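One structure is given here, and the rest of the page talks about it.
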Amino acid sequence: MAAIIGGVATTHVPAIGKAIAEKKYNDPYWKPFFKGFDYVDYWLAREKPDVAVIFYNDHGLNFFLDKLPTFAVGAAKEYRSEDEGWGIPVSRSVAGDVDLSWHLINTLVVDEFDVTMCQEMLIDHAVTIPMALMWPDQKWPVKIVPISINTVQHPLPSLARCFKLGRSIGRGIESYPQNLRVMVVGTGGLSHQLDGPRAGFINKAFDQLCLDKIVAEPQLLARYSIHDWVKESGAQGVEFLNWMAMRGALTGKVSELHRNYHIPISNTAAATVVYGNVKEVQRQAA
Ligand SMILES: [Fe+2]
């Protein structure tokens with residue numbers, strides 16, 4: 001059976017892609033952020049995942065305001081990236097795990113999540129930058145299942161709904177008959193606002209609360225309304241929905257293995273975390 005080995009979450013701001021292309025790893029502005037990936041590198045080398053299920057939000061590359069699904073699941077053999085501006089180089093394609101995608105889509109629909117199924121899907125910086133950060137040699141040894149959550153056009157799904165979506169994905173992964181080591185990934189956030197009178201808004205105290213509570217008390221965060229989340233975290237801070245789905249997919253005993261928080265990266269509070277996920281039976285056997 002497939003096993004969920006843990007989760008990684010990271011910001012995905014486009015400027016990171018440019019910094020990677022220009023190899024600014026030791027630049028004083030970037031170093032505190034990139035250093036946060038030393039542990040991620042170690043953890044990935046140790047855990048050797050086969051598949052990454054990635055919760056992210058599309059920024060207008062594959063979906064635009066005219067047709068924007070609340071939840072969309074990729075079921076493609078390959079996911080291409082295209083030029084989306086921002087000076088980010090176009091990324092290489094990523095291989096998809098089609099069979100796992102359909103298994104998860106089936107699980108979601110049985111659980112009453114009526115998702116959009118995408119047998120063709122372009123992936124933007126919200127997928128490619130975390131991939132480039134997690135595997136800096138750019139060899140990308142995993143297949144992916146990308147799951148897009150609308151964080152762009154209101155009404156947005158609630159934090160509680162995204163947590164439940166993650167729960168369904170977690171159950172789906174664990175009922176998949178192949179012996180795969182699956183990691184879950186949430187991208188985006190933390191607090192930031194890119195437009196309007198509050199442009200540049202960052203709320204460090206609220207970010208710390210999110211990072212403190214998401215491991216053991218995610219239900220506390222799930223109680224926030226989207227309106228209150230925007231107030232506390234900024235208009236684009238709602239990308240935390242991807243983190244909530246990732247956390248929901250961790251169905252065992254969850255522990256924080258690593259946390260890095262650095263402000264600002266391109267007007268955004270940048271956080272990188274690694275969460276372990278140990279099943280109850282494994283703990284009893286240990
Ligand atoms: Fe974003």
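What is the spread of the Cα atoms of the stretch 183-260 along each of their three principal axes, largest first, in whole Å?
Result, largest extent first: 42, 25, 20 Å.
Please give the FRET efficiency for residue 208 paired with residue 22, using the beta carbon to beta carbon distance and R0 = 30 Å, rounded to the nearest 0.05.
Efficiency at R0 = 30 Å is approximately 0.45.
Counting each pair of different Cα atoms once, what's the Kirkwood radius of the stretch 145-286 in Å, rounded to one decimal?
Roughly 15.8 Å, rounded to one decimal.
Roughly what % of Cα-Cα distances in the stretch 210-252 sit above 17 Å, to the whole percent?
Here the tail beyond 17 Å accounts for 26 percent of pairs.
Can you order the peptides 215-221, 90-96 by their average number of other Cβ atoms within 10 Å per residue, highest first?
Per-residue Cβ counts within 10 Å, averaged per peptide and sorted highest first, yield 90-96, 215-221.
Restricting things to alpha carbons, tell me how big the stretch 221-275 is in terms of Rg and Dmax, in Å.
My reading of the Cα-based Rg and Dmax gives 12.6, 35 Å.
Mind jotting down the three principal axis lengths of the chain based on Cα atoms? Whole angstrom, largest first.
Between the extreme Cα coordinates on each principal axis of the chain lie 48, 39, 39 Å.
Could you check which residue among 101, 175, 233 shows the biggest mean-square fluctuation in a GNM of the chain with a 10 Å Cα cutoff?
Highest fluctuation of the listed residues: 175.
At 1.4 Å probe size, put 195, 111 in order of accessible surface, largest to smallest.
195, 111
Quick one: P(r) of the stretch 1-119 from all Cα-Cα pairs, 10 Å bins, percents rounded to integers, in order of increasing distance.
10, 32, 37, 18, 2
By DSSP, what percent of the beta bridges with both residues in the chain are antiparallel, rounded to the nearest 5?
In the chain, approximately 50 percent of DSSP beta bridges are antiparallel ones.
Would you kindly state how much longer the chain becomes between residue 253 and residue 111 on full extension, computed as 0.36 nm times their sequence separation minus their alpha carbon distance, in nm to one decimal?
Between residue 253 and residue 111, full extension yields 48.9 nm more.
If packing is taken as the average count of other Cβ atoms within 10 Å, what order do 237-248, 133-144 fall into, highest mean first?
The peptides rank, most packed first, as 237-248, 133-144.
As I understand it, the dipole of the chain uses +1 on the Cβ of Lys and Arg and -1 on the Cβ of Asp and Glu, about the Cα centre. Which of 119, 201, 30 lies farthest toward its positive end?
Towards the positive end, the residue furthest out is 30.
The values are calculated or read from the model by the stated rules, or taken from the named source; none is laboratory data. Values in this document were obtained by computation on a predicted structure and should not be read as measured data. FYI the Cβ positions are ideal-geometry reconstructions off the backbone, even for glycines, and counts take in every protein chain you see. Surface areas here come from the heavy atoms of the whole protein model, side chains and all, with no ligands, DNA or RNA. Shrake-Rupley method; radii C 1.70, N 1.55, O 1.52, S 1.80 Å.
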